[in-house]
Amino acid sequence: MSDVLSVPQMLYTEEQRLAIAGFRRFAEGELRPLADKYEKLGCPPDRTALLEVFRKLDDYGLVSGLLAPADGGPGIDRLTYGLLYEELARVWPDMAIAILIQSHFALTLAALGTPEIRRSHLEPLLRGERVGCSCISEPNVGSSVAEVQTRATLEGSRYRLAGQKLWISNGAQSDFAVVVCRIENELNMLLVDRDADNYQSRELSKMGLVSASTCEMFFDDATAPAENVLGRSGGGLFQTLKLFETARVFVGLTSVGIAQAALEEAIEYAKQRRQHGKAIAGHQLMQGYIAEMATELDAARLLCHRALRLLELGIRCDTQTSMAKWYATEMAVRVASKAIQIHGGVGITKDFRVERHFRNARVMPIPDGTTEIQKLIIGRNTLGVSAF
């Protein structure tokens, strides 16, 4: 990756530059072949294969990195973590999504779990033995979390659930799930085990990110111990919105990684492809495309880095995370589309990765709040008037 095409490397510490370089060698050597393999298979890795990749990625802190040492993690600062995450997304964005879910599941358990839950669920997750998923959206509930309909009713010492979830990442491979549900008409987060409590999943087929598990989840008659309610009673809405605030930055960074990959492919092709007696890189229209792509990419990256810094400082930043998510995801669609245009006819074939980058990019404006929802959040916070 050329320094010209990213935030100048001089802005990073020596430790960050070394971390990026080491991880990049690993990603190119070990992850890229796996990304190509599962893209051709058209399916996510099974649970055993996923856990193997998770363990390798956590050698670089990508599962446990954001956890404090007291919670079993190395306490990597958010910017350094974000730089490594972007490198992962550049090579295998599907796995970046899986890591996003696993790492933020760990953060949820560390922040809201009892000591017993940390021992029984967080510790095996950090050892690379278990997979978690977070279940928020439903068939009729997307951006409006307050309208969640899944219910949990206390029967003796256990809750019995009734409901269905949709668009759940890591659902097929998961060993346990944090389910946002209603308990006595208040939203809560409830930790539910697959084996003990019998929930089911159905994998969904998507146009992009085909090796990232996305599931429909069924919790009818699933049960969980009463002590598995996470955080304070009735705190589910606030806790979920705080989770969105962080997750949206990483959805933006996933898009930055996809766009970076598309730009690199376009640059390489433009230098090799010849038309009218010279490489197309020497044509003004091509240079205009590349200039637009590189500038938009850096702008999105900087928005994400600002949001990471604000999160690190503990400052409320839902406006800034929404800006980062909106701009970065839509930017990736534009950059990947231009990358296909630069490739011409071969760009729409599966012989070149740019068509994959476009399909992956086109998915990103939708999860964790659509572009339209991000604009409404920014508008509400700027004007002081809510439109939803």
Straight-line reach from LYS278: which aspartates and glutamates have a Cα under 15 Å away, not including same-chain ones fewer than 8 places off?
-> GLU268
Which of ALA98, ALA196, ALA339 fluctuates most in a GNM of the chain (C-alpha springs under 10 Å)? That residue is ALA196
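Average projected area of the Cα convex hull of the chain, in nm²? Write down the numbers at each step before the final one.
On the way: hull surface 77.0 nm².
Mean orientational projected area (the chain, Cα hull): 19.3 nm².
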Please give every one of the lysines within straight-line cross-link reach of LYS40, meaning a C-alpha to C-alpha distance under 19 Å, and leave out same-chain neighbours fewer than 8 residues apart.
-> LYS206, LYS350
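What is the sum of charges around MET207, taking Lys and Arg as +1, Asp and Glu as -1, for the other residues whose C-beta is under 15 Å from the C-beta of MET207?
With Lys, Arg at +1 and Asp, Glu at -1, the neighbours total +1.
Only helices at least 30 Å long along their axis, Cα-based, and averaging -0.5 or more on Kyte-Doolittle count here, so list those DSSP H runs from the chain.
Numbers: long enough: 236-272 (54 Å, 0.48); 284-313 (44 Å, 0.34); 318-343 (37 Å, -0.20).
Span-like helices, by this rule, are 236-272, 284-313, 318-343.
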Taking amide hydrogens as modeled 1.01 Å from N in the peptide plane, which residues meet the under 5 Å criterion relative to PHE176, leaving out close sequence neighbours?
-> VAL131, CYS133, ARG194
Sort 81-89, 231-239 for me by packing, meaning the mean count of neighbouring Cβ atoms within 10 Å per residue, highest on top.
-> 81-89, 231-239
Using a Gaussian network model of the chain whose springs link C-alpha atoms within less than 10 Å, name the residue from LEU230, LEU67, LEU11 with the highest mean-square fluctuation.
-> LEU11
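Which shape class applies to segment 1-114: rounded if a/c is under 1.5, otherwise prolate when a/b exceeds b/c and oblate if not, where a ≥ b ≥ c are the square roots of the Cα gyration tensor eigenvalues? Kindly include the intermediate steps, with their values, before the conclusion.
Values: a/c = 2.12, a/b = 1.02, b/c = 2.08.
Oblate, since a/c reaches 1.5 and b/c is not below a/b.
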Sort segment 70-216 into rounded, prolate or oblate with this rule: let a ≥ b ≥ c be the square roots of the eigenvalues of the Cα gyration tensor; rounded if a/c is under 1.5, and if a/c is not under 1.5, prolate when a/b is larger than b/c, oblate otherwise.
-> oblate
Non-local amide H neighbours of SER213 (under 5 Å, H modeled in plane, Pro and chain starts lacking H): which ones?
-> ASN170
Quote the relative contact order of segment 244-297 in percent (integer), defining contacts as alpha-carbon pairs under 8 Å separated by 6+ residues.
-> 31
Candidate aspartates and glutamates for bridging to LYS56, where Cα separation is under 12 Å - those fewer than 8 sequence places away on the same chain excluded = GLU30
The chain, Gaussian network, Cα under 10 Å: of PRO225, PRO69, PRO365, the residue fluctuating most is PRO69
Shape call for segment 65-153, from the Cα gyration tensor axes a ≥ b ≥ c (a/c under 1.5 means rounded, otherwise prolate when a/b beats b/c, else oblate), comes out oblate
Segment 214-370: C-alpha pair distances exceeding 26 Å, % | 42
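Read-outs: derived from the displayed coordinates by stated rules, not from any lab. Worth saying up front: this structure is predicted, and the values here are computed from it rather than measured. Neighbour counts run over all protein chains shown; Cβ positions are idealised from the backbone, glycine included.
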